[in-house]
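Report on the structure given below.
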Amino acid sequence: MTPADASLSEALSAPYLPLARRIIAEATVVDDRILKIDHFLNHRIEPELMRSLGVALGERLAPFNPDLVLTAEASGIAPALATAMALGVPLVYAKKYSPEVEAPALSRVVPSPTKGGQTRLVISSRYLPAGTRVALVDDFLANGRTAVALAEIVAEAGASLVVAAFVVEKLFQHGRAGLEVLGVPVAALAQVERLEAGRVIIRGL
């Protein structure tokens, strides 16, 4: 990584303090493996907080001039929509189908880290035109399999994934590696270094 790349990465992943402080104060940590903040992010959703997260992500993504925001259903939709609204661009989300269903469009099968089994992500090609500049937005970056699958769909469509952004990145699961191999810059509002003795350790705090 060049100094310029390192500087860009640092700027894209500087902690967004209102979020980071809430994670530290309110998160539930299970067995020092699982981080739960679904009471404000992806089950119960606070509209004003989500709006502010969208603005913060939008500020980091705006320099990449995306034409649309892409995510996967279901928990990525709220932050992706808030970000798309902040950027003033459309949102497209990949729908989930059973792996046995023949996809009518561009698709990838990915393992489900939370539910087990596999999930097929499908996007109608009409909503992902060739030449489109795409920003990927999701709630969590963990092992990165969903993000890489979406990156592959974007490439297959002839579009360009110009940046990927996440509300929370679990650094200890090394999910950004798959995106970096593809040359995709990664932004995050909070980077969790580790879960330790029931506490959340966030980089930069």
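The values are calculated or read from the model by the stated rules, or taken from the named source; none is laboratory data. Every value quoted in this text rests on a predicted model; they were computed, and no experiment measured them. Because the Cβ atoms are built from the backbone with ideal geometry, glycine has one as well, and the counts that use them run over all protein chains shown.
The set of residues in region 118-162 being among the hydrophobic types (A, V, I, L, M, F, W, C) and touching a Lys or Arg at 6+ places or on another chain (Cβ under 8 Å) consists of LEU121, VAL122, ILE123, PHE140, LEU141, ALA142, ALA149, LEU150, ILE153, ALA159, VAL162. The residue that is modelled with the lowest pLDDT, counting only those in region 114-134 that are assigned to a loop (DSSP other than H, G, I, E, B) and loosely packed, with under 13 Cβ neighbours inside 10 Å, is THR114.
If we scan region 148-162, do we find a residue that is in contact (Cβ under 8 Å) with a residue 40 or more places away in the chain, part of a strand (DSSP E or B) and within 27 Å of PRO18 (Cβ to Cβ)? Yes: region 148-162 contains one or more residues that are in contact (Cβ under 8 Å) with a residue 40 or more places away in the chain, part of a strand (DSSP E or B) and within 27 Å of PRO18 (Cβ to Cβ).
Among the residues making up region 39-69, a single one is touching a strand residue (DSSP E or B) at 6+ places or on another chain (Cβ under 9 Å) and of a type in the set (Asp, Glu): ASP67. Does VAL186 meet the test of being surrounded by 20 or more Cβ atoms within 10 Å (Cβ to Cβ), β-branched (Val, Ile, Thr), farther than 21 Å from VAL29 by Cβ and modelled with pLDDT of 95 or more? Considered against the rule, which asks whether it is surrounded by 20 or more Cβ atoms within 10 Å (Cβ to Cβ), β-branched (Val, Ile, Thr), farther than 21 Å from VAL29 by Cβ and modelled with pLDDT of 95 or more, VAL186 comes out as yes.
Number of residues in region 80-113 that are touching a Lys or Arg at 6+ places or on another chain (Cβ under 7 Å) and either under 24 Å from PRO63 (Cβ atoms) or modelled with pLDDT of 95 or more (or both) equals 1. With respect to the conditions (1) modelled with pLDDT under 95; (2) out of contact with any strand residue (DSSP E or B) (no Cβ under 8 Å at 6 or more places or on another chain); (3) surrounded by 12 or more Cβ atoms within 10 Å (Cβ to Cβ), MET1 lacks only one, and its number is (3).
Anything in region 193-205 that is touching a helix residue (DSSP H, G or I) at 6+ places or on another chain (Cβ under 9 Å) and either acidic (Asp, Glu) or under 10 Å from ILE24 (Cβ atoms) (or both)? List them, or say none.
Matches in region 193-205: GLU193, ARG199, VAL200, ILE201, ILE202, LEU205.
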